[in-house]
Amino acid sequence: MSHSARAFWLRSPGHGEIRDLSLPAPGDGEVLVRALWSGISRGTETLVFRGQVPRSQWDVMRAPFQEGDFPAPVKYGYLSVGEVEEGPAELVGRTVFCLYPHQTRYVVPAAAVTVVPDSVPAERAILAGTVETAVNALWDAAPLVGDRIAVVGGGMVGCSVAALLSGFPGVRVQLVDTDPARARTATALGVEFAAPGDAHGDCDLVVHASATEQGLTRSLELLRAEGTVVDLSWYGDRRIALPLGEGFHSRRLTLRSSQVGTVSPARADRTYADRLALALGLLADPALDALITGESRFEELPDVMPGLAAGDIPALCHRIRYAD
C-alpha cells in the first residue's frame, strides 16, 4: 500500500515550494515515519537556500537523504523527528530522530532512525543533530578541568557548545556575540555573556562558530600564548582573511577545524550511531529549550525560509510543526 506525502524543495536559489509525492510501502528492514517536528539548521540550510554551496563541496555537503543536486532543485534538511507507523514491531509507535529533510512522511531503512529517549520531548529532539555537532567539536577540542574558554558566535551550534561546556567542572565559559539578545540565552544555558569588545582574554580554548571573518579574528585575539581556536563555522563560497602576520607565529597559536561529517579522531572507537545516541541523551536537559526560538507550520516553509535567509526572522533553531 502506497502513502501520500508532501515535501519542501528548493526550486531555485531563493525560491522554495511544497511538492506532493507518493511513497512506496516499507519493505523488509524499513520503516514508515510520520513527521511530528523538524528543525531548520539555520547556518547550513540558509546557505543552501541562497545557492551558496561551493561546487567543490557539492559531494561533501550532501545530506543523507537529499534528493536533487546543488544548487537546485534540491530537497535538503537533516533534523526530523517523527513516529514510526509501519516497520519492525519493536519500532512501531516509537518516537524517532532521523537525518531527513522537511517532509510529512518518509520511508527509510530502520537503521537510519534512532529512538528518542522517554526523557526527551519530541519537540526538543530536533536539536539532536546540532548537539551531535557540539559533541564532536568538544571531542576535537578536548577541554580540560579549569580551562578558560570562549565560544564566539551565539548561533545554534555555538549555543549548543556553550550548553555542553557549562557542565564541565571548574571552567570559565563565556558566550561572545554581537547580538545583546543572546545574553538571555547565555543565562538560560548557565554561562556568561559578553559583546566581542568586552570578552575575557587569556583563553586556553576558543570555539568559533560565528561564520564571520571578524569573529574568527577576534577568536585568535582572545587566546593566551599557545592557545587553540577550534573553528566550526561553514563559510560557503566566501574567502576569509586573517591577521596571521601579527602575533600568530610568535605566540604559537593553533587554528584547527572541526566538522561533524567525520567522527573525531580522538574518539575513533565510537560510531556515528554512538555519537547520535549520546547527543539525544544529553537533550534530557530542559535548558536546551532556549535554543528553539521560533515555530511555524510545515505549509509555511516557502515563506519562512526566505525570511530566515534574509535575517528578517530572528532565530537560533526554527521549529517546524506538522500536526495542526
Restricting things to alpha carbons, find the Rg to Rh ratio for region 212-280 using the Kirkwood radius for Rh.
-> 1.07
Treating the angle as unsigned and between 0 and 90°, give the value, to the nearest 10°, between the Cα long axis of helix 156-165 and the longest Cα principal axis of the chain.
-> 60 degrees
3J(HN,Hα) from dihedral phi, region 127-143, Karplus parametrisation 6.51/-1.76/1.60, rounded to Hz, x for glycine, proline | 7, 4, x, 6, 5, 4, 4, 5, 4, 4, 4, 6, 5, 5, 6, 6, x
Listing Cys317, Cys159 from the residue with the fewest other Cβ atoms within 10 Å to the one with the most, what is the order?
-> Cys317, Cys159
With 10 Å bins from zero, work out the P(r) of region 1-131 over every alpha carbon pair and list the percent per bin.
-> 13, 43, 33, 11, 0
Tell me, what is the FRET efficiency for His15 and Arg256 to the nearest 0.05, using R0 = 41 angstrom and their Cβ-Cβ distance as r?
-> 0.65
On each of the three principal axes the extent of the alpha-carbon atoms of region 130-265, given in whole Å and largest first, is 38, 33, 29
Once the dipole of the chain is set up from charges on Cβ (+1 Lys and Arg, -1 Asp and Glu), the residue from the list Gln66, Leu283, Gly201 lying farthest towards its positive end is Gly201
Semi-axes (Å, rounded, descending) of the ellipsoid equivalent to the chain per its C-alpha gyration tensor are 34, 21, 18
Using +1 on the beta carbon of Lys and Arg, -1 on that of Asp and Glu, and nothing else charged, what's the dipole of the chain about the Cα centre, debye to 20?
-> 520 debye
In debye, nearest 20: dipole of region 100-205 around its Cα centre with unit charges on the Cβ of K, R (+) and D, E (-)?
-> 300 debye
Dipole size in debye (nearest 20) for region 130-265 around its Cα centre, Lys and Arg Cβ +1, Asp and Glu Cβ -1?
-> 40 debye
Structure-based [θ]222 nm, the chain - -39500 (n - 2.57) summed over DSSP H runs of at least 4, per residue, nearest 500 = -6500 deg cm²/dmol
For the Cα atoms of the chain, what angle does the longest principal axis make with the long axis of helix 272-282, in degrees from 0 to 90, nearest 10?
-> 80 degrees
Amide proton proximity set for Val31, modelled H, under 5 Å, gap of 5+ = Val108, Ala110
Return the long-range amide H neighbours of Phe193 (sequence gap of 5 or more, or a different chain), with a cut-off of under 5 Å between placed amide H atoms.
-> Leu175
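Coordinate-derived values only; no laboratory data. As the structure is a prediction and not an experimental result, all values here were calculated from the model. In this analysis, Cβ positions are derived from the backbone assuming ideal geometry, glycine residues included, and neighbour counts consider all displayed protein chains.
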